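Chemist: I have a structure here, written as structure tokens, and I will follow up with some questions on it.
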Amino acid sequence: MRLRKVCFAIGLSLLLVLGMTVESPAKMKLHGQDLAAGDGIATGKTGMVVTAHPLASKVGADVLRNGGNAVDAAVAIQFALNVVEPMMSGIGGGGFMMVYDADRSQVSIVDSRERAPMAAHPRMFLDENGKEIPFSVRAHEGYAVGVPGTLKGLDVALNRWGTRPLEELIDPAIRLAEKGVRVNRTLARSIAENQEWLSRTAARDLFVPDGKPLQEGDWLVQRDLARTFRLIKARGIDAFYGGPIGKALVKEVNKRNGAMELSDLARYEVTIDKPLWGSLNGVKVAIMPPPSSGGVAVLHILKLLERVDAKDVDLRSAEKYHLFTEAMHLAYADRAAYLGDPEFVDVPIKGMLDSRYIAERAALINREQANKDVKPGDPWKYEKEKGMRSDVWEDQESGQTTHFTVADRWGNLVSYTTTIEQEFGTGIMVPGYGFFLNNELTDFDAKPGGPNEVRPNKRPRSSMTPTIIFRNGKPLMTVGSPGGATIIASVYQVIFNKLSKGLDLKQAIEEPRIYSSRYPTIRWEKGVPDQAREALTRMGHRFESEPTEIGNVNAIWIDWGKKRYYGAGDSSRDSTAIGLNR
């Protein structure tokens, strides 16, 4: 099992068993709640929250306990995560919130993906000689910053489904920012790995004081961020999209070689979208449509695995890992060739999921050896009209991100993946306002000409894949993960583990994962058997020399017979599930 137990998480569980409250950066009163941190499954009758940080989970659980619904809790959680996981998400980024409205039995998506400013153009990531600017350079410049959508998305979701005002839901985050939080292992590692970039911006004094990165256990107080949240509380989101926060944001972007105007912020709008639906093994899957590539890729892979009867092979066998790898190569090839923002390009979704096309692609999988020359297929022949295909293949989407999920007493659900792209985004903090700016525009292809080329007001292709699965018309499971392009791998493998192999929720999450977008290299987690890796090497695959963590899956399982929610989080971070029982 891929279990990385955390002392703090174990301590929380022990204190809960002893019936004690928990003293940490904030008092965590857990009476009447069931908490699982790191290595367990939480159970709830009236609600469930699963996030990557115990304090964020506590904030969401408090909202539910005080009568708020799942969307209210999600809004409060996002603000809290901006404080406790400042490197993963926040008001300087964007995301996809999937909402299940139990009253209407309806799934909707709030798409707050960042957009390119109006000054953006297809050649903006090329130098004067027409060569690509190195990713390590362009990822930290002002021109990598997309127009943020998170705050607008929260406001739209709250106005449509919420029951509590934003000024109430932002309060817990203000308190956390003002009083401070302990730096956990994930944040400490992230600061250490990114101190070079943080030291070049306003983030230096906060995260690398006196040239020394904050360590695990240090106290982090974010007064500027607290003031920013107080300004939003007092003046609403206009303080960001046209007021002083936005003006400071634009000034900093342009100071660092960007080209953004206040009008770009004022112009920004979220979209409310319908999910992409797929059928698998007797369930229906509500998943992300473009501009995310995640939904179609996850469904494509799962349909390929269904076609080759992958459910019948042993869980830790070489054959399973081989089939997973080959299916990923086929799906990622099509992803690179065809996926982009549907406001700008046609995407052959129906063709890519057509049973005839799935059969055609599955026939390319040789069970005995690696396919060394995987190319995109032609799903357009299963569509009414033919559209664009790209020969550009870039695999630079390496963001971290965060995913969380909420269920309430009325049966409403939220599955929300939110991001500033890489850890700390560009590394650029808005001076005096305490939040980081995304580098989301690096998700566009640097080379022009394909469906994912840069255009003004266009959304870059994403892999974020918040998902809700249904059986017999009722929600069964929520799932999602951070991890850039690896999100697709994490989500489909957990779904496969749970639905096809029958693992319990925690086992499905912790089962070691692999990731490979193209031949020959495979990224792998600790726990993949040596014998399996040796067998795949003989088939022609190549494994990275050391294991690495892939994703951070958080999920909820719903048992309608027992009227219970079950929540579990990935031990790759301090994921914490809290179930409400009254």
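The values are calculated or read from the model by the stated rules, or taken from the named source; none is laboratory data. Because the structure is a prediction, the values reported are computed rather than measured. Positions of Cβ are backbone-derived with ideal geometry, glycine not excepted, and every protein chain shown enters the neighbour counts.
Chemist: Would it be correct to say that L206 is modelled with pLDDT of 95 or more and touching a Lys or Arg at 6+ places or on another chain (Cβ under 8 Å)?
Modeler: no
Chemist: So, one more: Being among the hydroxyl-bearing types (S, T, Y), under 22 Å from the mean Cα position of the chain (by Cα) and at pLDDT below 95: is that true of S108 here?
Modeler: no
Chemist: If you don't mind, there's one more thing I want to ask. Report whether or not A508 is under 25 Å from I41 (Cβ atoms), in contact with a helix residue (DSSP H, G or I) (Cβ under 9 Å, 6 or more places away or on another chain), touching a residue at least 12 places away in the same chain (Cβ under 8 Å) and among the small types (G, A, S).
Modeler: So A508 passes the test.
Chemist: Right, something else. Can you tell me which residue among L305, L299 is farther than 27 Å from G149 by Cα, touching a residue at least 40 places away in the same chain (Cβ under 8 Å) and aliphatic (A, V, I, L, M)?
Modeler: Within the list L305, L299, the selection yields L305.
Chemist: Give the residue that is farthest from R204 (Cα to Cα), with candidates limited to residues of segment 407-446 that are outside any loop (DSSP other than H, G, I, E, B) and among the β-branched types (V, I, T).
Modeler: Ranking the qualifying residues of segment 407-446, first place goes to V414.
Chemist: Where in segment 39-124 are there strands (runs of 3 or more DSSP E), lying wholly inside it, with at least 2 residues that are closer than 30 Å to A144 by Cα?
Modeler: 94-101, 106-111
Chemist: How many residues does segment 192-233 contain that are assigned to a helix (DSSP H, G or I) and either closer than 15 Å to G432 by Cβ or touching a helix residue (DSSP H, G or I) at 6+ places or on another chain (Cβ under 8 Å) (or both)?
Modeler: 17
Chemist: Further question: Being within 17 Å of M118 (Cα to Cα) and either of a type in the set (G, A, S) or surrounded by fewer than 17 Cβ atoms within 10 Å (Cβ to Cβ) (or both) is the filter here, so list the residues in segment 226-253 that pass it.
Modeler: Of everything in segment 226-253, those that are within 17 Å of M118 (Cα to Cα) and either of a type in the set (G, A, S) or surrounded by fewer than 17 Cβ atoms within 10 Å (Cβ to Cβ) (or both) turn out to be G242, G246, K247, K251.
Chemist: Continuing with this model, one more query. Considering only segment 103-124, state which residues are of a type outside the set (S, T, Y) and either surrounded by 17 or more Cβ atoms within 10 Å (Cβ to Cβ) or in contact with a strand residue (DSSP E or B) (Cβ under 6 Å, 6 or more places away or on another chain) (or both).
Modeler: Selection gives V107, I109, V110, D111, R113, E114, R115, A116, P117, A120, P122, M124.
Chemist: Ok, one more. Among the residues of segment 125-144, count how many are of a type in the set (A, V, I, L, M) and surrounded by fewer than 19 Cβ atoms within 10 Å (Cβ to Cβ).
Modeler: Final tally of qualifying residues: 3.
Chemist: Tally time: how many residues in segment 256-268 are surrounded by 15 or more Cβ atoms within 10 Å (Cβ to Cβ), out of contact with any Pro (no Cβ under 9 Å at 6 or more places or on another chain) and assigned to a loop (DSSP other than H, G, I, E, B)?
Modeler: Number satisfying all stated conditions: 1.
Chemist: Right, something else. Just a yes or no: is a residue in segment 309-321 within 27 Å of P475 (Cα to Cα), in contact with a Pro (Cβ under 7 Å, 6 or more places away or on another chain) and not hydrophobic (A, V, I, L, M, F, W, C)?
Modeler: Within segment 309-321, not a single residue is within 27 Å of P475 (Cα to Cα), in contact with a Pro (Cβ under 7 Å, 6 or more places away or on another chain) and not hydrophobic (A, V, I, L, M, F, W, C).
Chemist: Restricting to helices (runs of 4 or more DSSP H) lying wholly in segment 296-382: which have 2 or more residues that are touching a Ser or Thr at 6+ places or on another chain (Cβ under 8 Å) and either closer than 14 Å to A489 by Cα or among the polar types (S, T, N, Q) (or both)?
Modeler: Ranges flagged: 318-338.
Chemist: Another question, then. May I ask you to say which residue of M87, M98 is surrounded by 24 or more Cβ atoms within 10 Å (Cβ to Cβ) and either small (G, A, S) or within 27 Å of G432 (Cα to Cα) (or both)?
Modeler: Criteria check complete, one pass: M87.
Chemist: Let me ask something else about it. Residues that are modelled with pLDDT of 95 or more and among the β-branched types (V, I, T): find the strands (runs of 3 or more DSSP E) completely inside segment 501-582 holding 1 or more of those.
Modeler: 521-524, 554-559, 576-580
Listed here are the residues, each with its yes/no results for (1) part of a strand (DSSP E or B); (2) without any contact (Cβ under 8 Å) to a residue 40 or more places away in the chain; (3) surrounded by fewer than 24 Cβ atoms within 10 Å (Cβ to Cβ).
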position: M464; (1), (2), (3): no, no, no
position: F470; (1), (2), (3): yes, no, yes
position: M477; (1), (2), (3): yes, no, no
position: P482; (1), (2), (3): no, no, no
position: I487; (1), (2), (3): no, no, no
position: V491; (1), (2), (3): no, no, no
position: F496; (1), (2), (3): no, no, no
position: L499; (1), (2), (3): no, no, yes
